[in-house]
Amino acid sequence: MDRKRRAFLLALPASLALLIFFIVPMVYILVKTIATNGFQDFVDFFTDPFYLDILWTTIRVSLISTFVSLLLGYPTAYFMARTKSRMKKVMIIIILFPFLVSAVVRSYGWMVLLGTNGLINQLLLGIGIISEPLKMLNTEFAVIVGMIHLLIPYMVLALLGVLQSIDPNVEYAAYSLGANPLQTFAKVVFPLSTPGIISGCVLVFTMSMTSYVTPKLLGGSKFRMMATMVVQEINVNFDWGAAAAISYILLAVILVIQLLVTLSTANYMKRMGGGKNA
Amino acid sequence: MATLELKNVTKIFGDFTAVKNFNLDVKDGEMIALLGGSGCGKTTTLRMIAGFTEPTEGAIFVGGKDVGKIPPYKRNVGIFFQNYALFPHMTVFENVAFGLKLQKLPKAEIEQRVSEILGMVKLFGLEKRYPRELSGGQQQRVALARALVTRPTILLLDEPLSNLDAKLRVEMQVEIKRIQKELGITTIIVTHDHEEAVSLADRVIVMNAGQILQVGTPYEIFDHPNSTFIADFMGFSTFIQGTMGGAAVEGKRPVTCSGKTIYVFAEAAEGIEPGSACVLALRSEHMELVQEPGENVVEGVMEAATYKGHTTRLEVTGCFDEKIYPAANEYIELEAEKPVMVHLPVERLCVYKNNA
């Protein structure tokens, strides 16, 4: 009992901070909005194609970013999990390096690259592949590129943890039983890495759904995602009720998607639970 | 089923030579043990046979054919891993059927062969379980069944008994030997445990620092190791320095150890010059406590006694400069400084040149 109480005390500071600075304001906003306008703000959101389009854009950008991050992050993570090179620590530092630069600075970096007079356009014009500069900045494409750049480290780290825990002998066992490298990946490595894929995707998807700086700076004034819309409602339209509604809908969408992922993979994860043998 | 031949195989990692000029001929159906401490190159040798790593020099032949260019998934080598390496996301049935499914065999044949091999390793009714739901011994049987079901030409066993408790060890030892003989598969066992090696193999190869030190039958290796290093590794406890005496009388030669004369068989001392330094080696269980003085009987005093259940291991000083460690088949209470007489049987004494 004493141990339990001590553990509780250890969790107390963080729990209190969460309660005071997160849960209380959230509840306050919800109560206030409903007290003033009832559920009108929520009804407005779901009946206005303008808002629904923003929700769909947010989900679409997040899904694409998550999928591409997984595609690019997996080989990197697998290589790092299996390499015996002494450079492995350096590789992890390089992966973590983007964390040292804020999303704002990174977005400005992409502006330099993607702009009408940016490096990429100048290069392509110079070689003569195109005759007119491509419009890349202030598009959904730019947002997705910036987002992937921002989120890949999280994906790699989530995958790396799980891939490292897969016993290399399991792969050797598959080879010895006649599975070529592709079959070994499809039947052994990939299924065993699903916990990392799921946690990496949920993490990256959530961060992308709630991102503000990247869509704001790389998407231009006409590109809207849920988080940028919240700020717009408050700063431009002075509509706190709409802002609250959008925040809650965003939260609900993320929770529902996470719940669906958890439920649909629960059976599989349970089987894998403590899946490491011997 | 096939012969296996390693010719001048060398493996170098950076500036470390893991295996050096290794030569080995394994007959069809033979069971060989590679015995040695950690880092002796035995596991590297196993991995080269499996094709997981390539020899830096030399070649490996299976059934007379050079397999150097054949990738591991086409070698048809069955491997049993020390940590079993079962597929945690597959049931027992799926684990064992993995190799057969890759061969695209008809479903009925897969089912028949899986149940046949599970019967052979005495695992019944556990087909739908996952590895983590099995005991260590059961997991081991699944791993063995999985390695055998594809009918490999060569079977590699990495420390097959090391993770088991004493009772299961004996059981699995008998099983592995029975199945291996029944299927007649050429088998290589890698182990650091001399009991595992001598109990399973037809021939034992002792390795150290990437090289072969001795090749012999389990009996030869266990009772007549060809160096003090191997004797020590094979569990010899007592080593006594001495000076080799003159010509043989009645097939025995005298050795002077700390002023005492111990007789050894002349054939055991072959090639050791009279007057040269030598070392006598003996196992604890081959020394006996006696009441009467006689040939090869030395007197000393008891310094320590460790009761081990079926034996008591003594530490005796005063006989030689070195301590000796006889074992008795009974419980002996420690009585410090108690005089004891120990017989060193001439037929059990191994003699080595002292190069040190």
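The values are calculated or read from the model by the stated rules, or taken from the named source; none is laboratory data. Keep in mind the model is a prediction, meaning the values are calculated, not measured. As a convention, Cβ positions derive from the backbone with ideal geometry for all residues, glycine included, and neighbour counts pool all protein chains shown. Side chains are part of the model used for accessible areas, which takes the heavy atoms of the whole protein and leaves out ligands, DNA and RNA. Shrake-Rupley method; radii C 1.70, N 1.55, O 1.52, S 1.80 Å.
Taking the radius of gyration and the Kirkwood hydrodynamic radius from Cα positions alone, what is the Rg/Rh ratio for chain B, to two decimal places?
Rounded to two decimals, Rg/Rh equals 1.07.
Anyone know which of B:Glu250, B:Glu267, B:Glu116 comes out most mobile in the 10 Å Cα GNM of chain B?
B:Glu250
Please give, to one decimal in nm, the separation of the simple spin-label points placed at B:Leu164 and B:Ser135, each 7 Å out from Cα toward the Cβ.
1.2 nm
Provide the convex hull volume over Cα atoms per residue for the stretch B:197-294, in Å³.
About 131 Å³ per residue, rounded to a whole number.
So if R0 is 22 Å, what FRET efficiency would B:Thr217 and B:Asn355 give, r being the distance between their Cβ atoms, rounded to the nearest 0.05?
0.30
Return a whole-number percent for the relative contact order of chain B, with Cα pairs under 8 Å and 6 or more residues apart as the contact set.
After rounding, I find 16 percent.
What net charge do the residues around B:His194 carry, taking every other residue with its C-beta under 15 Å from that of B:His194, with Lys and Arg at +1 and Asp and Glu at -1? Spell out each step's value before the answer.
Working: positive: B:Lys42, B:Arg169, B:Arg203, B:Arg283; negative: B:Glu159, B:Asp193, B:Glu195, B:Glu196, B:Glu220, B:Asp223, B:Asp232, B:Glu285.
Spelling it out: positives minus negatives among the neighbours equals -4.
Which angle between 0 and 90 degrees, to the nearest 10, do you get for helix B:92-102 versus the longest principal axis of chain B when only C-alpha atoms count?
70 degrees
Can you work out the PRE-style zone for B:Gln103? Point 7 Å along Cα to Cβ, and I want the residues of the stretch B:42-78 with backbone N under 16 Å.
Correct set: B:73-78.
If you roll a 1.4 Å probe over the stretch A:53-159 with all protein chains in place, what percent of the accessible area is carbon or sulfur?
Carbon and sulfur together cover 74 percent of it.
May I ask you to list, by number, the DSSP H helices of chain A whose Cα span along the axis is at least 18 Å and whose average Kyte-Doolittle hydropathy reaches 1.6 or more?
Sorted by number, the helices that extend far enough and score high enough are A:140-165.
Build a GNM of chain B with springs between Cα atoms under 10 Å: which of B:Met31, B:Met207, B:Met302 gets the top mean-square fluctuation?
Taking springs between Cα atoms under 10 Å, the residue moving most is B:Met302.
In sequence order, what are the phi-derived ³J(HN,Hα) couplings for the stretch B:191-196 according to the Karplus relation 6.51 cos²θ - 1.76 cosθ + 1.60 with θ = phi - 60°, rounded to whole Hz, with x for glycine and proline?
Using θ = phi - 60°, the values come out as 7, 10, 9, 5, 5, 4 Hz.
Considering the alpha-carbon set of the stretch B:18-115 alone, what are its Rg and its Dmax in angstrom?
Reported Rg and Dmax, both Å: 16.2, 47.
With every protein chain present, what is the per residue accessible area of chain B (1.4 Å probe, Å²)? Write down the numbers at each step before the final one.
On the way: 16150 Å² over 356 residues.
It amounts to 45 Å² per residue over chain B.
Where does the stretch B:282-327 land on the Kirkwood hydrodynamic radius, alpha-carbon pairs, in angstrom? Can you show the working numbers first?
Working: mean 1/r = 0.0899 Å⁻¹.
By the Kirkwood definition, the hydrodynamic radius is 11.1 Å.
Taking θ = phi - 60°, what integer Hz values does the Karplus form 6.51 cos²θ - 1.76 cosθ + 1.60 yield along the stretch B:122-136, in sequence order, with x for Gly and Pro?
Using θ = phi - 60°, the values come out as 6, 10, 10, x, 10, 4, 8, 7, 9, x, 5, 8, 10, 6, x Hz.
GNM on chain A, C-alpha springs below 10 Å: top fluctuator among A:Leu137, A:Leu119, A:Leu163?
A:Leu119
Beyond 27 Å between alpha-carbons counts as too far, so tell me which of A:Lys135/A:Lys216; B:Lys7/B:Lys69; B:Lys7/B:Lys74; B:Lys11/B:Lys181; B:Lys107/B:Lys128; A:Lys187/B:Lys69 fall in that bin. Walk me through the numbers on the way to the answer.
On the way: A:Lys135/A:Lys216 17 Å; B:Lys7/B:Lys69 15 Å; B:Lys7/B:Lys74 21 Å; B:Lys11/B:Lys181 31 Å; B:Lys107/B:Lys128 17 Å; A:Lys187/B:Lys69 25 Å.
In this structure, B:Lys11/B:Lys181 exceed 27 Å between Cα atoms.
Over the stretch A:39-271, with the other protein chains present, what is the accessible area per residue in square angstrom, probe 1.4 angstrom? Walk me through the intermediate numbers first.
Values: 11990 Å² over 233 residues.
Roughly 51 Å² per residue, with all protein chains present.
How much accessible area is lost when chains A and B come together, counting both sides, with a 1.4 Å probe, in Å² rounded to the nearest 100? Please list the in-between numbers first.
Details: alone 17030 and 17330 Å², together 32000 Å².
It comes to approximately 2400 Å² buried between A and B.
Under the Kirkwood approximation applied to all pairs of distinct alpha-carbon atoms, what is the hydrodynamic radius of the stretch A:39-271 in Å?
Values: mean 1/r = 0.0499 Å⁻¹.
With all distinct Cα pairs of the stretch A:39-271 included, I get 20.1 Å.
How long are the semi-axes of the equivalent ellipsoid of the protein assembly as shown, defined as square roots of 5 times the Cα gyration tensor eigenvalues? Whole Å, largest first.
70, 30, 26
Once phi is turned into ³J(HN,Hα) by the Karplus curve 6.51 cos²θ - 1.76 cosθ + 1.60 with θ = phi - 60°, what whole-Hz value does each residue of the stretch B:103-110 show in order, with x for glycine and proline?
With coefficients 6.51, -1.76 and 1.60, one gets 7, 6, 6, x, 4, 4, 5, 4 Hz.
Could you check what % of the DSSP bridge pairs in chain B are antiparallel, to the nearest 5?
Working: 55 of 73 bridges.
In chain B, DSSP labels about 75 percent of beta bridges as antiparallel.
Counting helices only, and only those DSSP H runs with n ≥ 4, report the 222 nm mean residue ellipticity of the protein assembly as shown as the sum of -39,500 (n - 2.57) divided by its residues, in deg cm²/dmol to the nearest 500. It would help to have the intermediate numbers written out before the result.
On the way: 22 runs with 296 residues, N = 634.
Dividing the helical sum by the residues of the protein assembly as shown leaves -15000 deg cm²/dmol.
Exposed loop sites here are trypsin sites (Lys or Arg not before Pro) in DSSP loop states with at most 11 other C-beta atoms within 10 Å. What is the longest stretch of chain A lacking them?
Within chain A, the longest run free of exposed trypsin sites (Lys or Arg not before Pro) spans A:87-221.
Filter the chymotrypsin sites (Phe, Trp or Tyr not before Pro) in the stretch A:193-243 to those in DSSP coil with at most 16 other Cβ atoms within 10 Å of their Cβ, and list the result.
A:Tyr212, A:Phe238
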